[in-house]
Structures are given as structure tokens and as C-alpha cells.
Amino acid sequence: MKEILYLEIPTPDTTVVREWLQADFEPDTGEKALTQSGFRLKIPETTTDDTTIPEKLPTEISVFVWSVQRTTYLKAFRWGDKPFPHERKILQSLTTGIRSRFPLDYPEPVAIDLSKQSIFEALAPDYPLTVKYFQKMPKGEYDLQRVYWWEQRWREGVRNPQQPRRVIFEGTAWGQGGQGGQGGVGDKEKNSNSFPPSPTPPPPP
């Protein structure tokens, strides 16, 4: 048995995903048999002579879904000792179909102004459970501000990608030449890059 596909599907309605797999997805090859959480794709039998069937696992693909924390996950496993016929094409078709039917749509967090209201008040209408559990934490307000800040920073990096800073430098002799690991090649490399400064995280309340 070998895992051949893993997908995260941004919907809590696992039933709809399972029904789409069972009713709408039609692979070009194989015979689809429905299961409780997905389907199995089998090669149609071409013989009824048991003496000619080898003592090996039949070549099949098992596809199933499950749900964790309002997100649906899909995995596909291959049963057998060799790839399923047209396996790559089937997986590509399945992935394309899933992404078309259940697109990766992550809503932009609401804009907030912490000078007028607390982050709990700002996020409660759209993220009530998030606010509920952060309010139970000892430093929940500050921690939620950090989460919001990192989310905004990640989205900004996606919209405006930049070459990441170098963190490993070749030929650096730390602690040699009386420099004690300062002012060496690493600092020259760092100073030569014209990266904008990182945004400042929010101060503690």
C-alpha cells in the first residue's frame, strides 16, 4: 500500500465532497466501487479462473475523505505492487476536479483599528470562536494581536514576494582574526542586500 495523493479541501461539508467523488467524478480508467467515505477504483476482472490469479494484492486505488476542524481532507492509496493503469492522469484529473468544485478561497481578515476598539471587539462578529478561546488565555489579547499581525504579514508576502534573506554564508571564519564573529563576511552580505525592514509587531497591551 502506498499513499499517492493528499489534498486539503477548504470546506467543512465533507458530505458534499464525498457525494461529488461518488457521483460526479468519472475516471477514464477502471471500475469505480463506492465505499462509506469515498470509492475504490478497480481493474475490471478479465478471468474467472482462480488458478491464474497470482497471490498478490490486486491493483486498486482507494480514495476517501474525512473532516478535522472545519476542513475536509482527501487521501488516495494504491493497493498492489505496480502503478494503476493511467494512474498519474487519474490523479491529475481528480485534483483538477476538486480544485474547480471546491476552490482554495481563504477570505481576507477584516480590517481593524485598535485605537478605537479592542481586537476582541473587532474580530468577534466574524471569528466568534477564535475570540472566545483567546479570551481564556492569560495573555490572549496580546497573542491574538500577534496572530493577526502574522496573518497580515504572510498575505503581504504572498502579494509581493521577495527573495528571502540569506541565513547561511560560505567561507565565514567566525571568531578568527580578532573579530569574534562580528564584522565578517556575514555582516557584509547582510548589509549589501537592500531589503526593506520587517514590520514591527504590535506592542503588548
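By a 1.4 Å probe calculation restricted to protein chains, Tyr148 has an accessible surface near 40 Å², given to the nearest 10. Listed values for segment 121-130 are Karplus-derived 3J(HN,Hα) couplings in whole Hz (6.51 cos²θ - 1.76 cosθ + 1.60, θ = phi - 60°), namely 5, 6, 9, 4, x, 9, 10, x, 5, 4, and x replaces Gly and Pro. Residues whose amide H comes within less than 5 Å of that of Gly30, counting only those at least five positions distant or on another chain, are absent (H built at 1.01 Å from N in the peptide plane). Between Lys136 and Asp13, the modelled label-to-label distance comes to 2.9 nm, taking each label 7 Å out from Cα in the direction of the beta carbon. Per-atom-type breakdown for segment 72-161 gives carbon and sulfur 56% of the accessible area (1.4 Å probe, protein chains only). Amide H contacts of Thr35 (H built 1.01 Å from N, in plane; Pro and chain starts excluded): Arg40 sit under 5 Å, all sequence-distant by 5 or more or on other chains.
Estimated at 0.36 nm per residue, the fully extended path between Trp66 and Glu3 surpasses their Cα-Cα distance by 21.1 nm.
The values are calculated or read from the model by the stated rules, or taken from the named source; none is laboratory data. All values reported here derive from a predicted model rather than from experimental measurement. As a convention, Cβ positions derive from the backbone with ideal geometry for all residues, glycine included, and neighbour counts pool all protein chains shown. Heavy atoms of the whole protein, side chains included, go into the accessibility calculation; ligands, DNA and RNA do not. Shrake-Rupley method; radii C 1.70, N 1.55, O 1.52, S 1.80 Å.
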